[in-house]
Each structure stands twice: as structure tokens, then as C-alpha cells.
Amino acid sequence: MLQLKKVSKIYEGKVAYRALTDIDLDVESGEFVAIMGPSGSGKTTLLNIISTIDSPTTGEVKIDEKNPHQLKKNELAKFRRNELGFIFQDFNLLHTLTVEENIVLPMTLDGKRVKEMKKKAAEIAMTLGISPILSKRTFEISGGQAQRVAIARAMIHQPKLLLADEPTGNLDSKSSKDVMEMLVNINKQEKTSLLMVTHDPQAASYSDRVIFIRDGKLHSEIYCGESRQAFFQKIMDMLSLMGGDSSDYSSIRV
Amino acid sequence: MTIRQFAFKNVFRNKRLYIAYFLSSLFTVMIFFTFALFAFHPTFSAEGFNQYAMFGMAVAGGIIYIFSFFFVLYSMSSFLQSRKKEFGLLILLGASDRQIRRMVFMENLLIGFLATIGGIATGILFSKAILLIAENILIIEESLPFYFPTMAIAVTFISFILLFLCISFFVAFILRTKKLIELIKGDKQSKGEPKASIILSIIATILLAAGYITALQVEGLDVLAAMIPVILVVTIGTYLLFTQLSVYILRYLRRNKLIFWRKTNMVLFSDLSFRMKDNARTFFMVAIISTVAFSAIGTLYGLQSYLTKGVKDAHPFTITYQPWDGDNEEEVNQDIETINKIIETGNLNAKMESVELNYFNIEDDNYLIVSATDFNRFAMLADENTVQVEPDEAIVVEQSQAALMQGKKASEILMGLNVPLTDGQKIQPSTVIQSEVLPAFYGMYIVNDDKFNQLGEPERTDYTVAWQVQNANTDQIIELGRKISDQIAYRAVVAEYTIFEINRGYGPILFIGLFIGIAFFVSAGSFLYFRLFSDLDADKQKFRSISKIGLSIGELKKIVNRQIALLFMSPIIVALLHGTVALTALSNFFNYNLTLEASIVLGSFALIQIIYFLIVRFFYIKQLIKSIS
């Protein structure tokens, strides 16, 4: 589904800064992958490169055997609206539009028929439990609702790859839990591949696999085993290991 | 939802963001419409109004139109700048460039359409007032009644729909989608503090000083020669002043901890120095546009006052009659008879004096010499001081008008000569007085009556008759003047009527100048307004975080007050200075004191700007306080 080969990103400037170094990554179709790492580790840069917001300095990104960075502008626009879905930490809803209009936005760009869009919006709103607020404006709803609207917008055109940047970053624990469960549902039912960047180990524990990045390099990865609770514990251990200088810990642990 | 609906919703549901752009577009339309309303008035087309005036109006209309184009374009692009993030998001959701361009195009067309309609509607509301003002400035006999301006509406509507269509196309194409990451992070990126070069800062000072000193030093015809280089130098100087010198001063202030770390100064200056880069160009543009407006209006107004004052000074009497060299006595008598008759039929009382003006040869040149009695007769008629001339003296009279002449002043030449008598005696000139009582362009002598008889035969004799009409109002005199100038062209001058004619011919030019000047000035104000309000969101965020640290509302007001004052006033102050220098140079050119005219023009502009500042400040602070609490 998603393949990254030796992706590097260098920010030019007075002092060139290497944000990513030779990242290799494979995400299977229908897999839910979380990317974790300390601030400044390059995880958002990685997501931006995958989501075509940013382009890699070297290396190759392939989504469904296509390299989006080599597409022409118009093809890229089509590619984005058909293959990709985005969820942001700060929701990024358009405040001039109602909830429903926000949800159908990607389809309107594709020029779909109004009837079809209405039906889809109603369906997805039902699954996400936001039917009652469809006619509301974005400033009239809570953060949890807003993120669900954003999920609905990201999902309405049934993309193959869903990209989420700290989707629970601005939410309370209850809303975070709801949002994560919804994402897992979508992932399981629609077989949508999901790539999520997060700080939150709780959120990461919903995934099938967590990849840790540090200083722009792949650090390690762990797979979810039988229980989510055990997975969460493993993630916490890995985070504390990464938190300091690893050699400090190794003497204690080994 | 289609793209069209999307665009509509954007506009109608986000009025606050669009309102500034909408209002300035509306204002532009209104100015143009008012102009058209006036230009297409039936009174002008029916009367066969002055062809030059009509042509002037067409040119002025064109200038306003072209200016509107650039103004709307600027407004639009600065408006689009503030929406970077929104475009980034849309692209991310899969909008193609074409779709975004179409959306912007639609929005723009919608706003343009509404602004055109709104501008015309507001224009109609104020049309009666505008026509009344026009009536008074233009001095038109017929009043300008209110009419339903079909033609003006049509022309304005078509012109502006076209203009907005063009701009919509234009904007849609210049909306180059930059790298997506730049768009998405658009509002978070720091613009970087601008750097100032000390050399360029010094050059700015030198250029401005050189321009000013030159402009203030030159006199007479040299002003024209110096004009272009001075304008060039000052323009470059102004640009460097805003881009370099001001930044340099701000950096100096930042380095000086005594000033920079004092109370709220840090918040104020740090922000200013960062924003200077964007502001500099706007400031420059506003300063130059305003200078053009000030100078144009000041020049027109000054010129009018110069012309009318000149006529008034040169003609102290109601009617002055001077026959031409070839005219014989009979014709002269007939003319005088005619004038007397016209005065009689107008039921007016007039005192008449006439005098022969004799020119005598002194050292191979002819000079005018009059007797004290003749002079005093005219002086009394004009209600001016009479003179007492001793037998052994001659008084030199100079017209203040003569100062315009190149070369030596008349008084200097006359004081250097002696008046010879037939008995071989010579009279020494004693004093110089200024008087316009008798027409003596090259100056004259007044001598004692006894001595006057000893002057001998004159070389040449002129004849002058003057009437002073009593108890008549201006309208009666103008009527009198019209009749006289119909029957005796050129030989007889009725000062009031001549001034009336000057004003009449001058009215359209003044009106057009005023219009364009005001249009420029208002647009300049709108540039500043845009600049200010595009920073509103950043300011809100900034003050929200500062107020968390502990900033009282009073302190906030103080900071914002100074910030807006600097933004609103600094380019205008520069423009006022430029304008003052320009008008001083103008008055040097004419050798005519324009202080009053310049103060009226510059003062009223300063006043308007202050009112504008107060209004904008009120709303800006209100918004900020609302966002904090």
C-alpha cells in the first residue's frame, strides 16, 4: 500500500538541517500504523511528505504503486481527493461552511451529484454520531464533535490511505477515546490503511504497529500483541527508553 | 454544493473578513459614480459647456478609473494573502488550481457586483449634496437640479463590472499556488526582521535634505528647472526613509535598553520593527500618493487665489477704462458715454475721474510723471492714502504687481534717476511708495503741481478713466461688467467681472483636481486601513497572550493607540512635509505668498486624517478588547 524508500529531507538555509535520514517504511493495505517520537524527531515532516504537503529531498514515496510527487498538478489534485484523507490536530474545518458542507467538501470538488453527496453525508454522520449537528456551523460545536466532523470529511470519499496528525491532541480523554475507537472501526470495516502521528501512547495503543522515530531516523517498531493493555505498557517502556540517552538506561536494564 | 455555492457561502458567512475589501471597492465605485453623475449632468450637455472642461473631465474620469483598477487589485491581493491557509487546506483536500481560481473568481465577481450596486446606490443618496457643492465651486448660472442619472448609472455599472471582471481574471491567474507547505504554514512563518544599511540610511537623509533645501532655495523660473530632479530625489529619499532609515532608527531604539525596556515600549517597537518590511512599501506608496494629492489641490487653489488677487490688486476701481494707442478722441468719448449710460440704466451711482498720463524723456527713456493733484484725485476715489509732495522732491511709485518682472525692480531704476525740469533744475527722488491707483507697470514719479508744469512737452500721452460705483452688491457689478464687456471689449475692465470669469473658467479644473485629489487621498487611507486590519488577527493573538501575563486594558489601549498613530500618521506627516515644501517652492515661483492657501489645504487634509485615525482606532481597540475578555 504505502512504501517509503530511503526518504531523506534536508531543510536548506543558513544552516542546513537534516530532518529525516533514509527512512524505509512499508504499510500493508488495511494496516493501522502509529508513528511516535519526541518533539522535533521528524514525525510530522514524515507525515507531510507522505501526504504530499512537503516533498522529500531524496528517496521515493509510493502510494498504491504510484509516486504522488511525480504527478502533474491536476493529477495530484485528483489523487489527493480520491486516494487520501486527512485529519489534523486543530481540525482545520472551514468556518464559513456548515458541518454538512464541510463533510461533503471533497466530493463537491470532485463534482459529484448532490443527491449522492447528501446520502453519503447522512450515512457517515450516522456512523460517527454527528447527525444532530449537521446543520450547525463549526464554531457552534465542541472539539470532540469537530474532530468527528473532520474524520467524516476525511472518510466520505472512501480514501485508501487515511493520514492523521495528532488527531487527539486537542481533545479531552473521553473524546480521545471516542475518536480512536471510530478510527479503529473505520480501519477494520472499510479496510482503510491508517497512518497516525501522535504523542499520546493511549492513542497509539489502538494501532497494529507503532514506529518510533528519533532524530530523523527510524528507531524501532513494536507490534500489537494479544492485549491492548500490554501493548500500551510496551509503548510506555519504549518511550521512557527513548526519552533519555539510551546508554544511561541500558546499564540499568541489561 | 457546487464551487459557485461554495464561493457564495464564503462571502456571505464571513462578512467580517470580506467587509474591508468590499467597502473599499464600494468607495471606489462611489467616487467614480459621483464623478460620472456630475459629468453626465444634462446642464452641461445641453449648454455646450466648455469643450476643454469636458475633455478635462473625460481625462479625469480615466485617471480615476485607472487608479481604481490598481487600487482594487492591491486590495484584492492583500486580501488573498490573508487567506493562504484556507487555500492550502483546499489543495490538500484535493482542489485543483483551476477550482481554486474559479472559486476566487466567483467570490471576486460577487463582491465586485455588490460593490458596484452599493457604490451607485450610495452615490445616488449623496448626489444632491454633491451637485450643490459642484454648483458653488463651478459657478454655474443655472442651478444643477437633481436628475435621475441613467447615463451615469449605466457608465459606472458597465465600467466597474468590466473592471471587476478583469481583476477577477487577473487575480485568479496571479494566484500562483506556492508550495503547499508554505501555504499551510503561511500564518506561522516569521517574515524575519528587515535589515537596515547605515549607508542607505545616511543616503536617505542626504537625499531628503538636498531635495528640501533645493526646493526651498530656488526662486522664479529656476523652480521649473529644479522641479523634476527634486521630485526624483525626494521620491527615492522617501523610499529609503521608510525602508532603511526608519528600520535603522527602530533597531537603534531596540538596542538602547533604557528606551526599549521601558514599560510597554518593548511590545510596541518589537512589533513595529518586524512589521516594517511590509509596512515600508505601503507607507511609501501612501506618502507619495498623498503628496501628489496635497500638491495638486494646493497648486490649483493657490493658482486661483493668485490669479484673482492679481486682478483685484491691479484694479482698485470698479471700472477702469484705457483706450488703445490708435483710438481718437471721438471714439474715447463715445466709449465713456456708453459706460456712463450702462451705469445709469443699472440705477447705480458712480464717481468718475479721468486723467492724462504723460510720459517724459529722461536719459533716452520714457517715464511716467504725474502731478500730485492728479494722483490724489485717484487715490481719493480708490479710498487710499493721498500724498503730499514738496516742490524739491519726487516720489517714486511702484506697483506690487511689478515684482513678477525679471531684472531690476522699477523703483531701483527710478531712484537712480533725476527728474529734469525745463529750467535746467533737477529733482531728486526721495521715497518709494507702493500703489496701484494709477496704471504704471514700469513705475512712475509724482511731483509737486508747480514743478509738473515745468516739465515741458511730454513724449507720449495716455488716458485713463476710472469709475468707483457706490452702494452696489457683487451681482449688480457682475451684471454691469457683462454689459460693458459686451460693448467695449478689452478697453474697459470691470475687476469683479473679470474675477468672476476667471473663477468660472477655473471652476471645472478646481473641481476635477479636488475630486482626483480626494480620490487619491481616500485610497491612500484605505491602503493603511487594509494594512492595519490584515494584522488584526496576529494582534489579537499577541495581546491575548500578553494580557495573560498581565496587561491592563489601559496599557493595551496605550500601545495600540501609538501603534495605529504611527501607522496612520507617519506617511501622512511625511506627505504633509513634502506638500509644504512643494507649495513653498510654488509660492517662490510666483513670488506670491501662499501660506494661507497651503495651510487651508494641508490643514483640512490633516484634519480628515485625524478623524479617520480616531474612527479606525475606536473599532480596532474595541475588537481587540472583545477578543481578550
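Worth a mention:
- When you filter the chymotrypsin sites (Phe, Trp or Tyr not before Pro) in the stretch B:195-300 for DSSP loop state and at most 10 other Cβ atoms inside 10 Å of their Cβ, you are left with B:Trp261.
- For the stretch A:1-129: rounded, prolate or oblate by the Cα gyration tensor [a/c cutoff 1.5]: prolate
- Within the stretch A:39-63: backbone nitrogen closer than 16 Å to the A:Asp24 label point (7 Å, Cα to C-beta): A:59-62
- Percent RCO, i.e. relative contact order, over the stretch B:319-495, from Cα pairs under 8 Å lying at least 6 residues apart: 38 percent
- Positive-end residue, the protein assembly as shown charge dipole about Cα centroid, Cβ charges, pick of B:Val155, B:Ser534, A:Ile222: A:Ile222
- Cα-based Kirkwood hydrodynamic radius, the stretch B:319-495, one decimal, Å: 17.4 Å
- Relative contact order %, the stretch A:2-253, counting alpha carbon pairs below 8 Å whose residues are six or more apart: 26 percent
- Cα shape, the stretch B:533-629, gyration tensor, a/c 1.5 rule: prolate
- Residues of the stretch A:197-213 falling in the label zone of A:Ala230, defined by backbone nitrogen less than 16 Å from a point 7 Å along Cα to beta-carbon, are A:205-210.
- If you look at the Cα atoms of chain B, you get an Rg and a Dmax of 32.8, 111 Å.
- Cα centroid separation, the stretch A:110-147 to the stretch A:28-60 (Å): 28 Å
- Over the residues of chain B, the helix contribution to mean residue ellipticity at 222 nm works out to -23500 deg cm²/dmol, using -39500 (n - 2.57) for each DSSP H run of at least 4.
- Note on A:Ser8 and B:Ile553: their simple-model spin labels are 5.8 nm apart, each label 7 Å out from Cα toward Cβ.
- Using only side-chain charges placed at the Cβ, +1 for Lys and Arg and -1 for Asp and Glu, the dipole size of chain B relative to its Cα centre rounds to 8620 debye.
- Angle of helix A:73-83 to the longest C-alpha principal axis of chain A, folded into 0 to 90 degrees and rounded to 10: 90°.
- Subset of A:Lys136/A:Lys160; A:Lys119/B:Lys9; B:Lys257/B:Lys540; B:Lys542/B:Lys622; B:Lys257/B:Lys558 violating a 24 Å alpha-carbon distance limit: A:Lys136/A:Lys160; B:Lys257/B:Lys540
- Principal semi-axes in Å for the stretch B:290-360 [√(5λ), Cα gyration tensor, largest first]: 38, 18, 11
- Counting Cβ atoms of other protein chains within 10 Å of each residue's Cβ and taking the mean over peptide A:100-111 gives 4.
- Between 0 and 90°, nearest 10: helix B:150-174 axis offset from chain B longest Cα axis: 50 degrees
- Computed over neighbours whose Cβ is under 15 Å from that of B:Met380, the net charge equals -3, Lys and Arg +1, Asp and Glu -1.
- When the stretch A:184-228 is reduced to its Cα atoms, the Kirkwood hydrodynamic radius in Å: 11.7 Å
- Loop-located chymotrypsin sites (Phe, Trp or Tyr not before Pro) in the stretch B:539-629 whose Cβ has at most 16 other Cβ within 10 Å (DSSP): none
- Violating pairs (Cα-Cα greater than 28 angstrom) within the set A:Lys120/B:Lys179; B:Lys263/B:Lys548; A:Lys188/A:Lys234; A:Lys9/A:Lys174: A:Lys120/B:Lys179; A:Lys9/A:Lys174
- Rounded to the nearest 10 degrees, the inclination of helix B:474-487 to the longest alpha-carbon principal axis of chain B is 60 degrees.
- Modelled spin labels at B:Lys179 and B:Asn593, positioned 7 Å past Cα toward Cβ, are 6.6 nm from each other.
- Only one residue of A:Ile151, B:Phe568, B:Thr461 has its Cα farthest out toward the positive end of the dipole of the protein assembly as shown, where Lys and Arg carry +1 and Asp and Glu -1 on Cβ, and that residue is A:Ile151.
- Basic side chains Lys and Arg get +1 at the Cβ, acidic Asp and Glu get -1 at the Cβ, and with that the dipole of the protein assembly as shown about its Cα centre reaches some 8340 debye.
- Within the stretch A:165-238, GluC sites (Glu not before Pro) in DSSP loop having at most 13 other beta-carbon neighbours inside 10 Å: A:Glu226
- With contacts taken as Cα pairs under 8 Å at a separation of at least 6 residues, chain B carries a relative contact order of 19 percent.
- Reach of B:Lys483 by Cα under 19 Å, taken over lysines that are not fewer than 8 positions away in the same chain: B:Lys341, B:Lys351
- The ellipsoid equivalent to the alpha-carbon distribution of chain A has semi-axes of 31, 23, 16 angstrom, derived from the gyration tensor eigenvalues as √(5λ) and listed largest first.
- Normalised radius of gyration (Cα atoms, divided by 2.2 N^0.38 Å) for the protein assembly as shown: 1.40.
Throughout, read-outs are computed from the coordinates displayed, never taken from laboratory work. It should be emphasised that the depicted structure is a prediction, and the values quoted were computed from it without experimental measurement. Because the Cβ atoms are built from the backbone with ideal geometry, glycine has one as well, and the counts that use them run over all protein chains shown.
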